[in-house]
1. The conditions are (1) out of contact with any helix residue (DSSP H, G or I) (no Cβ under 9 Å at 6 or more places or on another chain); (2) at pLDDT below 85; (3) more than 16 Å from residue 121 (Cα to Cα), and residue 16 fails exactly one of them. Which is it?
2. Take the residues in the stretch 50-65 that are surrounded by 14 or more Cβ atoms within 10 Å (Cβ to Cβ) and either over 17 Å from the mean Cα position of the chain (by Cα) or at pLDDT below 80 (or both), then tell me which one is farthest from residue 30 (Cα to Cα).
3. Identify, please: which residue in the stretch 40-49 is modelled with pLDDT under 85 and part of a helix (DSSP H, G or I) and is, among those, surrounded by the fewest Cβ atoms within 10 Å (Cβ to Cβ)?
């Protein structure tokens, strides 16, 4: 049987790891916003930052625990328990991504350029990194010690 001190230590490492994943999510969100702004200005972000494929690996790694939870037999809806402003932000980003996707499909028929493609992908990255950040923040909040009455 594990001692209470070992359980507390394990929770501490778990909380640290969740904070680290949240930080990575926020860095990814910042980079995706930067790439989106650059593309809106007509600049190819890929020409300024080589090795963008590492960015895709980061997103994949951050989304794996979320996908695993979604496929559990009894998901507990972690993101749905987030504060209202976080859910509203995700809904706005989902709507924006949907609009960008259909604009991309319409525009790319005749005017496909690097900036248009970057706009499409970076709007998706903003949505997915935001989902990851909300997920890890909710998980971290669940592990905070509760004040005793």
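1. Every listed condition holds for residue 16 apart from (2).
2. The residue in question is 52.
3. Per the criteria, the residue is 47.
The rows are residues; the columns are (1) part of a helix (DSSP H, G or I); (2) touching a residue at least 24 places away in the same chain (Cβ under 8 Å); (3) surrounded by fewer than 16 Cβ atoms within 10 Å (Cβ to Cβ).
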| site | (1), (2), (3) |
| --- | --- |
| 101 | yes, no, yes |
| 105 | yes, no, yes |
| 110 | yes, no, yes |
| 120 | yes, no, no |
| 134 | yes, yes, no |
| 140 | yes, yes, no |
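The values are calculated or read from the model by the stated rules, or taken from the named source; none is laboratory data. Predicted model, so just to flag it, every value in this text is computed and none were measured. Virtual Cβ from ideal backbone geometry, glycine too; neighbours counted across all protein chains shown.
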